[in-house]
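**Student:** The structure follows.
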Amino acid sequence: MRLLILGTGGRANRHAIEIGKIEGIEIVGAVDVDPARAKAFAAKYKIEHTFTSLQEAITWGKFDAAANVTSDKAHYSTTLALIAARKHVLCEKPLALNYEEAAEMASAAERAGLVAMVGLSFRDFAPLQRARELVLSGEIGRLRHLDASYLQSWLVSNSYGDWASEPKFLWRLSTKHGSNGVLGDLGVHILDCAAYAAGSSVERLFARLKCFDKAPGNRIGDYDLDANDSFTMTMELENGAMGVIQATRWATGYENELKLRLFGDKGALEVVITSQGSSLKACLGEDVHTGIWRWIDVGTVATIYERFVAAVKTGEPVDPDFRYGANLQRLVDFAIRAEGERSELRMPIEGDRHGDYRFAEEATAAIGLVAE
C-alpha cells in the first residue's frame, strides 16, 4: 500500500514513525504549504515525493491512502478532496469543526465505499481496551458513576516550548484559526475514552467552558485568544450511569495526563495514561471491602495505524470510523450550546453494541432543554 502524509507538522512525525513500522506500507509522498518543511520532513523519513498542495498530489495520484494531519479547520475540505479522488483516509481528530461538516465527510466516505478512520489515538492504549472488556463482561457489576480528566500544563509551563510565541500553540487558542479550544482538542479524547470504556452512549449533558485572560486584550499578533482553556461537564449515560468530565491546559504539574475511573456496584477500575506510560488497576471481589487496588497486566493492542492499514487491505469495517467521529463531534457542539444556553441538553440516542454514538436523525429538532 502506498500512503501520502498530508501536513508535516509535529504530529506528522508520529504518523511517519508508526506507519513506517508496518510491513508492506510505503510512504510515497508528503504535502505541506511550506516547501522547506515538506522537504525536511521527506528527507528525515526518506520519502521520495513532496508537494505544496493537495491538488498537486492528487493530480500525481500514485498513492492509495492518506494520513490527514492538517490543522483542524482544514480537515473538512482536504478530506472531501481525498474521498473524491477515491483515496482511503486516516484523519486526525477532531474530524471537523462542527457536526454538519463531519457528517458530510462520513456520508461521502460511506457512499464511496472507502475506509475512513478518525485518529482517536488513545484507543492505542491497552489499559483502556482492557477496562472496556472488564466493564462489558460485568466484572465491576452495573456501572454507576465515572469521572475522567485530561490535564495539561503548557499554559503555565515551558516544557513543550513558549506557547506565546509559537503558532503551533497559538492557533489552538483562537476560534478564528479553527479551534474549539480545549473542548475540541482534549475533550474529544476524554469523551471518547469515557463512553468507549463505559460501553454506553451519552444521553444528556451540561457543560461550562472558560477562557482565561492570557495577554493584553487576550490577543497576540493575529491570534484572538478566545477559545476555551478549561471545561467541566456532567453527563448521564444511556446505561444510567452518571459522569463528571474535566479538561484544562492550566493543570500546573501535569504535563499530559488522562485519567478515567469507572465505579460499578461490584468493583471499580482506574486507567491512567501519561507521556511516560499507561496503567490499569482494579478494586474487585473481596478487595471492595478493604479498598485494596491491584495492578492489572494488560498486554499490548494493535495501534490505530495498524488497524487502518488492515482495514484497507481486507475491506473490513474500521473502528472508530467517520460516522463515529461525526457523532462525537455532535457532543462537542452540544457542550458549546449547553454553555451558551446555561441549560442541560438531552439527546435521543440509539446505542449499539459497540457503545458508539448513534444519534437519531431528528436529534437536533427533538432536543429537550431542562432549565438550569
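The values are calculated or read from the model by the stated rules, or taken from the named source; none is laboratory data. Model, not experiment: these values are computed from the prediction. Positions of Cβ are generated from backbone atoms using ideal geometry, with glycine treated the same way; all protein chains shown enter the neighbour counts.
**Student:** Return the residues of region 321-338 that are free of Cβ contacts under 8 Å to residues at least 24 places away in the same chain and buried (at least 24 other Cβ atoms within 10 Å of the Cβ); say none if nothing qualifies.
**Tutor:** Filtering region 321-338 down to residues free of Cβ contacts under 8 Å to residues at least 24 places away in the same chain leaves 337.
Those that are free of Cβ contacts under 8 Å to residues at least 24 places away in the same chain and buried (at least 24 other Cβ atoms within 10 Å of the Cβ): none in region 321-338.
**Student:** Here are some conditions: (1) assigned by TED's automatic domain parsing to the domain that holds I140; (2) within 17 Å of R130 (Cβ to Cβ). R307 meets all but one. Which one does it not meet?
**Tutor:** (1)
**Student:** Just name the residue that is farthest from N68 (Cα to Cα) out of those in region 111-132 that are outside any helix (DSSP H, G or I) and free of Cβ contacts under 8 Å to residues at least 60 places away in the same chain.
**Tutor:** Residue satisfying both the conditions and the ranking: G113.
**Student:** Suppose the filter is out of contact with any Lys or Arg (no Cβ under 6 Å at 6 or more places or on another chain) and within 30 Å of A164 (Cβ to Cβ); does L269 pass it?
**Tutor:** It is false that L269 is out of contact with any Lys or Arg (no Cβ under 6 Å at 6 or more places or on another chain) and within 30 Å of A164 (Cβ to Cβ).
Residue-by-condition table, conditions (1) within 25 Å of V332 (Cβ to Cβ); (2) of a type in the set (V, I, T); (3) not assigned by TED's automatic domain parsing to the domain that holds L170:
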| position | (1), (2), (3) |
| --- | --- |
| V31 | no, yes, yes |
| H49 | no, no, yes |
| L54 | no, no, yes |
| W60 | no, no, yes |
| F63 | no, no, yes |
| A74 | yes, no, yes |
| L80 | yes, no, yes |
| E104 | yes, no, yes |
| L114 | yes, no, yes |
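**Student:** Let me ask another. Taking A247, is it at pLDDT 95 or above and in contact with a Phe, Trp or Tyr (Cβ under 6 Å, 6 or more places away or on another chain)?
**Tutor:** yes
**Student:** Among the strands (runs of 3 or more DSSP E) contained in region 1-86, which hold 1 or more residues that are under 19 Å from A311 (Cα atoms) and over 24 Å from the mean Cα position of the chain (by Cα)?
**Tutor:** 2-6, 26-31
**Student:** Further question: State the number of residues belonging to region 87-104 that are under 18 Å from V312 (Cα atoms) and part of a helix (DSSP H, G or I).
**Tutor:** Final tally of qualifying residues: 0.
**Student:** Do we find a residue being without any contact (Cβ under 8 Å) to a residue 60 or more places away in the chain and surrounded by 15 or more Cβ atoms within 10 Å (Cβ to Cβ) anywhere in region 236-247?
**Tutor:** Yes - at least one qualifying residue is present in region 236-247.
**Student:** If you don't mind, there's one more thing I want to ask. Mind checking whether some residue in region 197-205 is of a type in the set (A, V, I, L, M, F, W, C), modelled with pLDDT under 95 and either surrounded by 18 or more Cβ atoms within 10 Å (Cβ to Cβ) or out of contact with any Phe, Trp or Tyr (no Cβ under 7 Å at 6 or more places or on another chain) (or both)?
**Tutor:** Looking through region 197-205, at least one residue is of a type in the set (A, V, I, L, M, F, W, C), modelled with pLDDT under 95 and either surrounded by 18 or more Cβ atoms within 10 Å (Cβ to Cβ) or out of contact with any Phe, Trp or Tyr (no Cβ under 7 Å at 6 or more places or on another chain) (or both).
**Student:** If you don't mind, another one. Please work out which one of (1) under 20 Å from V115 (Cβ atoms); (2) surrounded by fewer than 16 Cβ atoms within 10 Å (Cβ to Cβ) is the condition A40 fails and give its number.
**Tutor:** Of the numbered conditions (1) under 20 Å from V115 (Cβ atoms); (2) surrounded by fewer than 16 Cβ atoms within 10 Å (Cβ to Cβ), the odd one out for A40 is (1).
**Student:** Kindly indicate the residue of region 89-145 that is touching a Ser or Thr at 6+ places or on another chain (Cβ under 7 Å) and not hydrophobic (A, V, I, L, M, F, W, C) and also surrounded by the fewest Cβ atoms within 10 Å (Cβ to Cβ) among those meeting that condition. If you could, list the steps in order and put the result at the bottom.
**Tutor:** Restricting attention to region 89-145, the residues satisfying the condition of being touching a Ser or Thr at 6+ places or on another chain (Cβ under 7 Å) are 89, 91, 105, 124-127.
Subsequent filtering for residues that are not hydrophobic (A, V, I, L, M, F, W, C) retains 124, 127.
Details: D124: 20, P127: 24.
The residue in question is D124.
**Student:** Any idea which of E286, E341, E270 is under 29 Å from Q152 (Cα atoms), surrounded by fewer than 22 Cβ atoms within 10 Å (Cβ to Cβ) and over 21 Å from the mean Cα position of the chain (by Cα)? Before the answer, list the steps.
**Tutor:** Numbers: E286 fails: under 29 Å from Q152 (Cα atoms); E270 fails: over 21 Å from the mean Cα position of the chain (by Cα).
Exactly one of E286, E341, E270 is under 29 Å from Q152 (Cα atoms), surrounded by fewer than 22 Cβ atoms within 10 Å (Cβ to Cβ) and over 21 Å from the mean Cα position of the chain (by Cα), namely E341.
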